[in-house]
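Input: one structure, supplied below.
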Amino acid sequence: MHFRKATAADKDGILALYGSLVGTECCAWTQDYPNEEEIEKDLSREDLFCLENQEGQIVGTISIDQDREVESLPCWARELQPAGELSRLGVAQAYQNQGLARRLLQYGMEELKRRGCRSVHFLVCKTNEKAIRSYDRLSFDIVGECSLFGEEWWCYEKSL
C-alpha cells in the first residue's frame with residue numbers, strides 16, 4: 001500500500017470510492033455528499049490524500065478539511081491550537097477491516113504535524129460503530145457532541 005497526495009487524475013476514482021460507500025452500514029454519506037465539488041476544493045488546497053494498492057487502485061482516501069461550522073464548535077481545546085480537521089475518510093469495502101482506516105488517520109495526522117498543527121480533530125457519526133472502535137484504539141478523546149448536516153456526531157480530538 002502506498003499513501004500519497006491525490007492529483008486531478010484521481011478525481012474519478014475517488015468519486016467512485018465515495019459513491020461505493022453510500023448506503024453501506026454506518027455510512028452517513030449520501031448521493032449528494034461527498035461530491036465532485038468537495039474533491040475539487042480539497043485538490044485546490046492540496047488537502048486530499050489517497051491510499052493505493054500494489055496495482056495502483058485507490059482503496060482509501062482522507063482529506064484535511066476547513067469547515068467553519070466544525071472549526072467553530074466550542075469543544076475544541078484552545079491550548080491545542082492550531083488544529084487541523086481530518087474528514088471524508090473512506091476505505092473500499094473489499095479492503096475494510098484490515099486497519100486501513102487507522103493507517104489513513106495516522107498518515108493524515110503526520111501531514112497535519114508537518115504543517116505545524118498541534119492537534120487533530122474530526123466528527124464521527126454516532127451510529128458509525130466501526131469508526132468509533134477504530135478511533136478508540138488510537139487514543140482519541142471524545143470532547144463533545146453536536147448536531148450538524150442532519151446527523152448527530154461525536155467530536156474527537158487528539159494532541160499531535
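Output the residues belonging to segment 141-160 that are of a type in the set (A, V, I, L, M), part of a strand (DSSP E or B) and without any contact (Cβ under 8 Å) to a residue 60 or more places away in the chain.
142
Restricting the search to segment 125-147, which residues are at pLDDT 90 or above and either farther than 26 Å from residue 92 by Cβ or of a type in the set (Val, Ile, Thr) (or both)?
141, 142, 143, 144, 145, 146, 147
Output the number of the condition that residue 121 fails; it satisfies all remaining conditions of (1) surrounded by fewer than 17 Cβ atoms within 10 Å (Cβ to Cβ); (2) within 16 Å of residue 86 (Cα to Cα).
Single failed check for residue 121: (1).
Give me the residue from segment 96-140 that is assigned to a loop (DSSP other than H, G, I, E, B) and among the charged types (D, E, K, R) and, out of that set, nearest to residue 156 (Cα to Cα).
Applying the filter and picking the extreme gives 126.
Just the residues that are assigned to a loop (DSSP other than H, G, I, E, B) and exposed (fewer than 15 other Cβ atoms within 10 Å of the Cβ), please, taken from segment 54-74.
54, 55, 56, 57, 66, 67, 72, 74
The values are calculated or read from the model by the stated rules, or taken from the named source; none is laboratory data. Quick caveat: nothing in here was measured; it's all calculated off a predicted structure. When we count neighbours, we look across all protein chains shown, and the Cβ atoms used for this are built from the backbone with ideal geometry, even at glycine.
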